[in-house]
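The structure under discussion appears below in the form of structure tokens.
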Amino acid sequence: MAIGEILSVLKQVPALIKLKRGMKPRSLLERDCFARQVETHAQNYADGIAAIFEGKSVTWSDLNAGANRYAATLLDMGVTRGDVVSVFMENRIEFLESVIALNKIGATGGLINTNLRGRPLTHCISVTESKKCIFGAELAEAIQEVKSDLNLAEGSDYLFVPDGDLDSVPNWALNLETDSSESTPENLSITNEITLGDNAFYIFTSGTTGLPKAAVLSNRRYLQSAMLSHTAGLQCDRSDRLYICLPLYHGTGLLIGAGASFSSGAAMVIRRRFSASRFLPEVREHGATCLIYVGELCRYLINSEQRADDHDNPLRAMMGNGLRPDVWLQFKERFGISRVSEFYGSSEGNVAFANLFNKDCTIGTTASRISLVEYDVDADEVLRNESGLCIPVTRGEPGLCLGHINPDAPFEGYTDQEATEKKIFRNVFEEGDAWFNTGDLIRELTQEEVGFALGYAHYQFVDRVGDTFRWKSENVSTNEVGEIINGFDGIELSNVYGVEVPGADGRAGMVAVRLADHVNDLDWDRFATYVNSELPAYARPVFVRIQNDMDVTGTFKMVKGDLRRESYDITAITDPVYVLKPGVNHYEPLDAEYLEVIGNGRAGY
């Protein structure tokens with residue numbers, strides 16, 4: 001075993017000790033919240049930079065004072081502890097002030113995806129029974145379109161926040177910025193009453209299938225996530241600057257990014273949205289040392305034009321989720337980043353993994369009590385033994401990840417109790433036990449794969465359960481196939497999924513691809529040779545769909561729902577589709593005649 005590997009692991013020990021102390025279970029009755037952390041920074045580090053946004057910098061004193069004004073105004077408007085207030089605003093300093101203000105008075109922020117319109121937007125505001133809605137001027141039109149469907153009063157319950165030159169207040173809203181200008185900038189006594197058990201946020205699922213669900217996030221879990229990111233993930237302090245271009249309405253940007261800042265005092269460099277072309281110039285301009293990422297953001301950057309000096313930047317660490325192995329090492333080398341702290345978790349779940357030992361291509365280790373159990377991909381169900389109990393998998397084999405529900409690791413779930421119950425497995429290993437179903441396949445690495453790790457088990461994410469399909473009696477991982485397809489030089493992005501084929505068992509692989517900018521069409525012979533050499537027969541995509549663009553969520557996750565439904569039906573879509581026929585090793589255009597053959601179950605798959 002290399003001495004360098006041992007030293008690298010031992011170097012993490014002080015941070016792990018600090019994390020262990022900070023993560024000891026705390027009573028939900030204990031008084032604490034992230035707004036108090038902001039107040040502490042404002043007192044001890046008043047002139048330190050808290051946030052940088054579009055050329056403007058605010059100190060911790062400024063940020064705290066602005067939040068106090070908002071908080072006092074909200075109290076005057078009748079918002080009280082336990083109330084829910086929707087926040088619908090793009091990334092900017094006023095967003096931070098709004099959520100800090102709500103936390104100061106014990107109200108829950110319902111954080112809404114800024115891409116939502118119409119019915120989903122109405123649903124998100126209504127399902128949380130929001131008492132008010134704070135919205136940015138940049139999104140006023142979206143609120144205008146749905147306000148007649150909301151149980152909020154015009155002239156009192158809609159709180160407008162100007163955005164630069166967009167300062168014309170609708171006649172049905174109040175100007176929160178103006179109304180708070182005379183409010184006290186001093187800390188409020190009520191903040192000292194807020195407990196770890198109070199809900200900090202409702203964070204919505206992406207809603208790619210059905211309407212979004214509101215996941216509950218308590219102050220305790222928010223502070224735990226922030227501590228994890230600050231102490232052992234990014235290992236940041238007040239000298240650091242965190243580059244945050246992910247939406248703050250989502251858990252990664254809010255917990256791992258802003259949370260680490262609130263916990264450590266590090267400054268935030270905030271963008272409204274991600275820009276590949278502005279990424280390095282801004283990192284260099286503002287001296288950003290830490291990056292908050294999701295995997296597809298990293299893939300976009302890898303696919304951007306490469307320059308010889310890309311590694312010449314101040315970034316030293318990054319933390320996020322979804323960084324795939326086909327991008328991981330390439331990204332680290334190109335941008336000169338020494339530490340990647342990949343984490344795994346969900347807004348609602350009680351399970352978290354983090355790559356705290358800086359071991360490449362893993363989600364790291366966990367303090368959660370978990371179990372990986374046998375799962376039938378084809379039947380979409382866990383396997384149980386003759387006694388009706390779940391069956392743990394052998395180390396090294398993928399299994400459905402379950403998290404034990406107990407007082408120290410509660411499943412806070414959703415506002416919808418029925419949806420919450422659907423995520424709980426009961427009587428897993430003994431009568432009366434309860435486990436959170438992550439819906440993901442996870443694999444524990446073998447000792448040979450882990451190397452030196454002080455006895456800590458390490459894990460890899462395998463796939464979403466719904467994104468794994470069975471074909472030719474074999475399980476196919478969409479992520480693994482996608483990583484290989486992305487390795488072909490004519491393809492910029494790929495989205496892999498399974499589709500039904502009449503007369504065949506399981507689902508055939510299909511991939512939607514976006515070509516690289518310099519490519520007008522794939523070299524189909526070379527592509528077929530690549531696929532045949534890199535993938536086993538059962539994992540080779542049977543269908544390839546060429547798209548000009550791809551649907552992604554606000555956090556760059558590939559949207560598969562519509563693609564699955566549209567399948568390879570060329571009578572319903574305009575994108576060209578190519579097919580790999582049985583017994584041949586090359587792709588050819590799918591035409592109406594062969595589509596009929598497939599539809600009649602005569603294709604021979």
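At a glance:
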| read-out | value |
| --- | --- |
| Of the criteria (1) more than 28 Å from residue 12 (Cα to Cα); (2) assigned to a strand (DSSP E or B), which one residue 420 fails | (2) |
| When residues of segment 271-296 are limited to those that are modelled with pLDDT of 95 or more and either in contact with a Leu (Cβ under 8 Å, 6 or more places away or on another chain) or closer than 18 Å to residue 354 by Cα (or both), the one surrounded by the fewest Cβ atoms within 10 Å (Cβ to Cβ) | 283 |
| Complete set of residues in segment 18-68 that are of a type in the set (Val, Ile, Thr) and in contact (Cβ under 8 Å) with a residue 40 or more places away in the chain | 38, 49, 52 |
| Residues being within 29 Å of the chain's Cα centre (by Cα) and assigned to a helix (DSSP H, G or I) - total across segment 559-594 | 6 |
| Residue match in segment 161-169 (condition: out of contact with any Ser or Thr (no Cβ under 9 Å at 6 or more places or on another chain), within 25 Å of residue 416 (Cα to Cα) and of a type in the set (A, V, I, L, M)) | no |
| Lone unmet requirement of (1) small (Gly, Ala, Ser); (2) within 24 Å of residue 322 (Cα to Cα); (3) at pLDDT 85 or above; (4) crowded, with 16+ Cβ neighbours inside 10 Å for residue 528 | (2) |
| Unmet criterion (only one of (1) farther than 30 Å from residue 148 by Cβ; (2) in a loop (DSSP other than H, G, I, E, B); (3) in contact with a Cys (Cβ under 8 Å, 6 or more places away or on another chain)) for residue 238 | (3) |
| Test: residue in segment 393-406 that is at negative phi, assigned to a loop (DSSP other than H, G, I, E, B) and small (Gly, Ala, Ser) | no |
| Considering residues of segment 4-59 that are part of a loop (DSSP other than H, G, I, E, B) and among the polar types (S, T, N, Q) only, the residue modelled with the highest pLDDT | 27 |
| Sole residue being part of a loop (DSSP other than H, G, I, E, B), more than 24 Å from the chain's Cα centre (by Cα) and touching a residue at least 24 places away in the same chain (Cβ under 8 Å), chosen from 349, 388 | 388 |
| Any pair with Cβ under 6 angstrom, 6 or more apart, that starts in segment 190-201 at a residue that is in a helix (DSSP H, G or I) and ends at one that is among the β-branched types (Val, Ile, Thr) | 190/105 |
| Residue within segment 473-482 that is in a strand (DSSP E or B) and not polar (S, T, N, Q) present | yes |
| Any pair with Cβ under 9 angstrom, 6 or more apart, that starts in segment 419-444 at a residue that is at positive phi and ends at one that is in a loop (DSSP other than H, G, I, E, B) and buried (at least 18 other Cβ atoms within 10 Å of the Cβ) | 439/346; 439/423 |
| Long-range neighbours under 7 Å by Cβ, at least six apart or interchain, first residue not assigned by TED's automatic domain parsing to the domain that holds residue 532 within segment 476-491, second buried (at least 21 other Cβ atoms within 10 Å of the Cβ) | none |
| Residue match in segment 407-416 (condition: more than 30 Å from residue 20 (Cβ to Cβ), exposed (fewer than 15 other Cβ atoms within 10 Å of the Cβ) and at pLDDT 90 or above) | no |
| Top-ranked residue in segment 439-470 [being hydroxyl-bearing (Ser, Thr, Tyr) and part of a loop (DSSP other than H, G, I, E, B); ranked as farthest from residue 359 (Cα to Cα)] | 446 |
| So residue 248, is it buried (at least 20 other Cβ atoms within 10 Å of the Cβ) and assigned to a helix (DSSP H, G or I) | no |
| Scope segment 424-464; condition at pLDDT 90 or above and more than 27 Å from residue 478 (Cα to Cα); matching residues | 426, 427, 428, 429, 430, 431, 432, 433, 434 |
| Residue satisfying all of: in segment 149-176; free of Cβ contacts under 8 Å to residues at least 24 places away in the same chain and among the charged types (D, E, K, R); surrounded by the fewest Cβ atoms within 10 Å (Cβ to Cβ) among these | 165 |
| Boolean, residue 284 is in contact with an Asp or Glu (Cβ under 9 Å, 6 or more places away or on another chain) and not in a strand (DSSP E or B) | yes |
| Positions within segment 419-435 being among the aromatic types (Phe, Trp, Tyr) and closer than 27 Å to residue 204 by Cα, in sequence order | 425, 435 |
| Residue within segment 337-359 that is among the charged types (D, E, K, R), modelled with pLDDT of 95 or more and surrounded by 22 or more Cβ atoms within 10 Å (Cβ to Cβ) present | yes |
| All positions within segment 133-162 that are over 13 Å from residue 89 (Cβ atoms), out of contact with any Phe, Trp or Tyr (no Cβ under 7 Å at 6 or more places or on another chain) and not in a helix (DSSP H, G or I) | 150, 151, 153, 156, 157 |
| Qualifying residue in segment 79-86 (condition: surrounded by fewer than 22 Cβ atoms within 10 Å (Cβ to Cβ), at negative phi and either outside any loop (DSSP other than H, G, I, E, B) or among the polar types (S, T, N, Q) (or both)) | yes |
| Pairs with Cβ under 8 Å, 6+ apart, first in segment 394-412 and in contact (Cβ under 8 Å) with a residue 40 or more places away in the chain and of a type in the set (Phe, Trp, Tyr), second assigned to a loop (DSSP other than H, G, I, E, B) and surrounded by 15 or more Cβ atoms within 10 Å (Cβ to Cβ) | 411/348; 411/349; 411/350; 411/405; 411/423 |
| Only one of 438, 394, 362 that is of a type in the set (S, T, N, Q) and surrounded by fewer than 15 Cβ atoms within 10 Å (Cβ to Cβ) | 394 |
| Residue match in segment 547-566 (condition: aromatic (Phe, Trp, Tyr), surrounded by 15 or more Cβ atoms within 10 Å (Cβ to Cβ), outside the structural domain of residue 272 (by TED's automatic domain parsing) and modelled with pLDDT of 90 or more) | no |
| Conditions (1) closer than 29 Å to residue 305 by Cα; (2) out of contact with any strand residue (DSSP E or B) (no Cβ under 9 Å at 6 or more places or on another chain); number of the one not met by residue 582 | (1) |
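The values are calculated or read from the model by the stated rules, or taken from the named source; none is laboratory data. Small disclaimer: the values here were computed from a predicted structure and weren't measured. Reconstructed Cβ throughout: ideal geometry from the backbone, glycine too, with neighbour counts over all protein chains shown.
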